[in-house]
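Inspection log for the structure reproduced underneath, given as structure tokens.
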Amino acid sequence: MVGLFEFLFKYRPALFEEGRFTFVSPGWMQVAALLAGGLLVVAAFTYRRMGSGASDRTAAAERLRWLPPVFRSLAIAVIVFCLLQPALVLSTVVPQETFVGVVVDDSRSMAMPDEASAADGTRAGAVLEALSGESGSMLDRLAERFQVRLLAFGRSAERIESTEQLRFARADSRIGEALVAAKDELAGLPLSGLVVLSDGADSAPAELGDALLTLKAAGTPVYTVGVGRPRLRKDIEVSRVVAPRRVLEGSTVEVEVTLSQAGFGGRTVDLEVEDDGRIVNVEQVTFPRGGTAVTARVMFAANDEGAREFRFQVAGQPGEELLLNNERTALVEVLKRREKIFFFEGEPRDESKFLRRAVSQDENLHVVSMTRQAANKFYGMNFDEDTRRFEGFPTRREELFEYSGVILGSMEASFFAHDQMRMLVDFAAQRGGGVLLLGGRRAFSEGGFSGTPLAELSPVVLYDRPAEQGRPELLTDLRLELTPQGRAHPATLLRDDREEANELWPTLPPLSAYQRATELKAGATSLLQAESPMVSDPMIVLAHHRIGRGRAIAFTPHDSWHWQMSAEIPLEDQTHERLWRQMLRWLVSYVPDRIEIEADRDRFEPGSTVTLRATVRDEAFQEVNRAQVVAAIEQPSGEEVEVPLDWSVERDGEFVGTFTAGESGLYRVEVDARSEGELLGVATSRFAVDELNEELFGAARRDSVLKRIASETGGRQVELGQADRLVEDLSVSSEGTLVREARDLWDMPILFLMLIALLGGEWAVRRRLGMA
Amino acid sequence: MRYDPATVPSRRTAFLVLVAALLSGGVAALVARGAAPAAGPQIRASDDRRVLRGRHRGPLPPQAMRTFERYLSRPVDPYEVQREFYFTRLAYSGHMYRGFAGSWSIDYPKADRQFMIGLKRLLDQLDAYDYDHALPATDPDLFRFPFLYSVEVGYMALSPAERESLRRYLLAGGFWVIDDFWGSWEWANLERELSLLLPEYPIVELPLDHPIFHCFYDVEEILQVPNVGQGRYGGPTWEQDGFTPHVRGIFDEDGRLMVVINWNTDLGDAWEWAEDEWYPVRFSHYAYQMGVNFVVYAMSH
């Protein structure tokens, strides 16, 4: 498109954008143009007279008789336009008086062999040839008009004297920071712009926007020269790993791994999960034929306490161009602590007894229960000195919010005061806790939840069921089946093997439920359902949804304990135990603590600035801004550094501080929050410092980055072989020492083409009309 | 009178008639009894009657038990309604007891029904079946009822099949309350049965600070509850040589109480005769407290 424009209009659109249009003809020429205009009017009038004399023309011909004078007039107008000497006035740099910085990416990714134009096939080779090759090198062409300063960049940019100093071995390439450093390096010089030769790989943790704003403010246009292919031919890459930062010991960790590929569509590969050299899971992933990326959910058990580095890798495939991006690691802290769960039950039930029993041996779950035995008579169990004891349902937020999860059994809504129901909703929405609603004859719609705040908690749509309807009917013989979402969810993984687990569900003894829950709320997900002859639609058995910061789960059957007691189930079978252990772990996973500390990422390059962010809340989970927060960082060498954190002002309860991590290894952060001398709490977190090879991920040329840099700074993106164009673009830059230059436009090919077309058209019409 | 061989039946004929009569009688008897099916437990009306009279010997087939239950005119069929709690009595095989072998059914069904009346009043949130509910140990449905009650276990003699089912039931999560047996002889029988049933788990004395004594009512003292005869007439509270009441238990390896043994005491009679003006109310009071605590404990631990 640009080429066509350039052919017709003589110059590229860029020059028209930069320049100003004018006529450079002397004054008498303009008077002559006015006269020519007058003549045109006279000519048109004469034509009209001539035309009206003939009477034997057809109606069609009559309509065409206006065309010849119009064509003739336009042709004359084009000639007049040319005679007026149209020109484009451009500010161009004074040769050798302005500077250009050529910034070359010196990182490892430049060694990628995907540049066919180079003799050795690598990006680096292509850059070297383009910069200082034999014929018409970019540096020579630039040097004809500019003073050229050569810089190399990795994490930052430094001056180099010649391209021989380029090694293409730096581990990092932070393009934004490097450009700002280059601008600073050349500060004080009349700078026309920066030319950056890069593949666009950017491993900087910070957003590019800040650096680009700095360049834009300084008026430094950046011309980007892309190196490498925008798409690798054959490559598999572990592009993204989303893993929880912390899990309870013995939990099933669910990790989302995104694999990108080029040239391997339709292929099935093994995605291995390694924990300290031990393979803990292998998931087969099939790449779609059409698309490029696929996201796999990998599940594995985190059984060893402490900070664990899980490695996710795909073995190199034959013909793959880059192998170093086939693995990524995620740091997961496996915690050995007891999550407290409050189980509130409205009646003595075997379901609650067996549920508690199923998790009683789980060292990471501490289920405190309160069961109503008779009107206003409760039986509390498992309270210890760490937990507040209360009768009935808590009335104060502090009492309820100390738990991570709440299980609500068969308890009718009318039991609760409005504030208690609100508090339970806030427990999920504000505190971020998990609420599990169990089925029962007094739960959900059957317990009058509809129309109360408790209805907000339910992931299933509730209906009004007046109490006069009496005892709800029991739906029996429910055989459970997984929904498509349930087939991949960790809560339904009752066996180590996913396939085995999915096949197990329909074979379990049938259950029964009082709940006629057939409709999901918007945004809720159903994991298990059951067909019942007593209801037309499938019954929702297990569903969940998010409520504010927390989540609510519904499990509608009331007798899952049959899976423990049934004569069909072997004694040693752990299905029931596993179901509830997983369910409760899921319930309390990702539940925030009162005091939290987190580094902005889990892994850093050596020398990175680590931003620590702490959140401080009081017992009622209200954010505290007036607190003294200090992070003690234990470095891999054992040395401890204290970093005070300050309130961020942007968010309530958020405290921020930074720290430069020099040593490689595992860091431990312990934060201590106090308010008026009183300890609010402590929290710990970990992060790792290591060589990350971040730029090898997304290793194909990143045109999006290069384009963005060029467009936001006022520069342009050019290809490697277009040195001429680059020189021209830089020459008409508005930066540097400038001189004005007028470029003729009268000889634009478009004008000649128009002239020929108009005169030819006139002739053709005249012939048609018999006037020629 | 002259001997005429035509008029006097020969010995051979007499023999044939006798054989024919015996054969036809046997066939008629078989038909009357409903010829025995080739497989499966046999259900016979006489079984039901024997069970009703408590004179059944050997393991009770579940089908027979169902037939038997139909005789007990309960207004609500336990399998029609679905309740959270059934006071399930174990129908076990046993030795001869006072001339018959149905020791499991002592005080049945009145004690059970009467206990349910009290239990439902005291635990008003409990969704319980109102009537008695007895099941043999070999019935697969037993696993649907995790609470089990037994009496007169001094005469219990479990068959291997019953033992296997009961062991599985207890280890899977069932809770068994044993009551109303007295003295060292009956204890020895139970101990032998339990040693066959759960050989790896010892029987231990439950201390008074155990939660089972405090989960609903605070029971501060173990009372000896006499049978109705001795209770009504103010006789001694003990029977045989069972002078001291004990509450003992069997725990599994996780510390879960599976079996509670009330020895030298008769809670069942105290429930059964709670309305009797001659039966001392303190015993009924205590028996209900213990019973409620057992149920609360069973449904929460």
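The values are calculated or read from the model by the stated rules, or taken from the named source; none is laboratory data. Keep in mind it's a predicted model, so treat the numbers as computed, not measured. Don't worry about glycine lacking a Cβ; one is built from the backbone with ideal geometry, like all the others, and counts go over all protein chains shown.
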Of the conditions (1) away from chain B (no Cβ under 14 Å); (2) surrounded by 20 or more Cβ atoms within 10 Å (Cβ to Cβ); (3) assigned to a strand (DSSP E or B), A:E333 clears all except one; give me its number. (2)
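With respect to B:E200, is the statement that it is within 14 Å of another protein chain (Cβ to nearest Cβ), surrounded by fewer than 21 Cβ atoms within 10 Å (Cβ to Cβ), closer than 30 Å to A:S566 by Cα and at pLDDT 95 or above true?
Details: within 14 Å of another protein chain (Cβ to nearest Cβ): yes; surrounded by fewer than 21 Cβ atoms within 10 Å (Cβ to Cβ): yes; closer than 30 Å to A:S566 by Cα: yes; at pLDDT 95 or above: yes.
It is true that B:E200 is within 14 Å of another protein chain (Cβ to nearest Cβ), surrounded by fewer than 21 Cβ atoms within 10 Å (Cβ to Cβ), closer than 30 Å to A:S566 by Cα and at pLDDT 95 or above.
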Looking at A:L493, A:L482, A:L520, A:L478, can you tell me which residue is farther than 30 Å from A:P453 by Cβ, among the aliphatic types (A, V, I, L, M) and touching a residue at least 60 places away in the same chain (Cβ under 8 Å)? A:L493
For segment B:272-295, which residues satisfy the criterion of being outside any loop (DSSP other than H, G, I, E, B) and more than 14 Å from chain A (Cβ to nearest Cβ)? B:E272, B:V281, B:R282, B:F283, B:S284, B:H285, B:Y286, B:A287, B:M290
If A:G448 passes every condition in (1) among the small types (G, A, S); (2) within 14 Å of chain B (Cβ to nearest Cβ); (3) over 21 Å from A:L527 (Cα atoms) but one, which one does it miss? (2)
Which residues, counting only those in segment A:448-473, are under 21 Å from A:L355 (Cα atoms) and without any contact (Cβ under 8 Å) to a residue 60 or more places away in the chain? none
Kindly indicate whether any position in segment A:626-648 is surrounded by 16 or more Cβ atoms within 10 Å (Cβ to Cβ), under 21 Å from A:F343 (Cα atoms) and either within 14 Å of another protein chain (Cβ to nearest Cβ) or modelled with pLDDT of 90 or more (or both). no
If we keep only residues of segment B:113-133 that are in contact (Cβ under 8 Å) with a residue 60 or more places away in the chain and in a helix (DSSP H, G or I), then the residue nearest to the other protein chains (Cβ to nearest Cβ) is B:L122
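Okay, residues lined up against (1) among the small types (G, A, S); (2) surrounded by 16 or more Cβ atoms within 10 Å (Cβ to Cβ):
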position: A:S512; (1), (2): yes, yes
position: A:E519; (1), (2): no, no
position: A:L527; (1), (2): no, yes
position: A:E531; (1), (2): no, no
position: A:R546; (1), (2): no, no
position: A:F555; (1), (2): no, yes
position: A:D559; (1), (2): no, yes
position: A:A567; (1), (2): yes, yes
Is segment B:176-194 home to any residue that is more than 14 Å from every other protein chain (Cβ to nearest Cβ), surrounded by fewer than 23 Cβ atoms within 10 Å (Cβ to Cβ) and part of a loop (DSSP other than H, G, I, E, B)? yes
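With A:R594, A:R601 as the choices, which residue is at pLDDT 90 or above and either closer than 30 Å to A:F343 by Cβ or surrounded by fewer than 16 Cβ atoms within 10 Å (Cβ to Cβ) (or both)?
Just a single option satisfies the conditions, and that option is A:R594.
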Single residue of segment A:286-297 satisfying the filter (under 15 Å from A:N326 (Cβ atoms) and part of a strand (DSSP E or B)) that is modelled with the lowest pLDDT: A:A293
Answer yes or no as to whether A:T615 is part of a strand (DSSP E or B), touching a strand residue (DSSP E or B) at 6+ places or on another chain (Cβ under 6 Å) and at pLDDT below 90. no
Got a number for residues in segment A:142-187 being more than 36 Å from the chain's Cα centre (by Cα) and among the aromatic types (F, W, Y)? 1
Answer yes if at least one residue in segment A:89-99 is in contact (Cβ under 8 Å) with a residue 24 or more places away in the chain, in contact with a Pro (Cβ under 8 Å, 6 or more places away or on another chain) and assigned to a loop (DSSP other than H, G, I, E, B), and no otherwise. yes
Any residue in segment A:420-430 that is in a loop (DSSP other than H, G, I, E, B) and in the same structural domain as A:M370 (by TED's automatic domain parsing)? yes
Would a scan of segment B:163-174 turn up a residue that is away from every other protein chain (no Cβ under 14 Å) and either over 23 Å from B:D276 (Cβ atoms) or assigned to a helix (DSSP H, G or I) (or both)? yes
Exactly one of A:S369, A:S414, A:S410 is part of a loop (DSSP other than H, G, I, E, B) and polar (S, T, N, Q), and that residue is A:S410
Please verify whether A:A75 is part of a helix (DSSP H, G or I) and either buried (at least 16 other Cβ atoms within 10 Å of the Cβ) or at positive phi (or both), treating the condition exactly as stated. yes
Out of all the residues in segment A:353-364, is one or more crowded, with 18+ Cβ neighbours inside 10 Å, within 37 Å of the chain's Cα centre (by Cα), under 23 Å from B:I212 (Cα atoms) and more than 11 Å from every other protein chain (Cβ to nearest Cβ)? no
Count - residues of segment A:222-233 that are surrounded by fewer than 24 Cβ atoms within 10 Å (Cβ to Cβ) and at pLDDT 85 or above: 1
May I ask you to say which residue of A:S458, A:S404, A:S450 is assigned by TED's automatic domain parsing to the domain that holds A:I540, under 30 Å from B:R83 (Cβ atoms) and touching a strand residue (DSSP E or B) at 6+ places or on another chain (Cβ under 9 Å)? A:S458
Filter segment A:278-315 down to the residues that are small (G, A, S) and either surrounded by 14 or more Cβ atoms within 10 Å (Cβ to Cβ) or more than 16 Å from A:R267 (Cα to Cα) (or both) and list them by number. A:A296, A:A301, A:A302, A:G306, A:A307
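Find the residue count for segment B:134-162, including only residues that are over 19 Å from A:E351 (Cβ atoms), more than 10 Å from chain A (Cβ to nearest Cβ) and either touching a Ser or Thr at 6+ places or on another chain (Cβ under 8 Å) or not in a strand (DSSP E or B) (or both).
So the count comes out to 17.
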Suppose we filter segment A:118-153 for residues that are of a type outside the set (D, E, K, R) and within 18 Å of A:R702 (Cα to Cα); how many remain? 5
Wholly enclosed strands (runs of 3 or more DSSP E) of segment A:196-285 bearing at least 1 residues over 29 Å from A:T684 (Cα atoms): A:222-226, A:235-242, A:251-262, A:268-275
Filtering segment A:284-302 down to residues that are in contact with a Lys or Arg (Cβ under 8 Å, 6 or more places away or on another chain) and either without any contact (Cβ under 8 Å) to a residue 24 or more places away in the chain or among the small types (G, A, S) (or both) yields A:T286, A:A302
Quick one: which residue in A:V425, A:V406, A:V367 is β-branched (V, I, T), within 14 Å of chain B (Cβ to nearest Cβ) and surrounded by 20 or more Cβ atoms within 10 Å (Cβ to Cβ)? A:V367
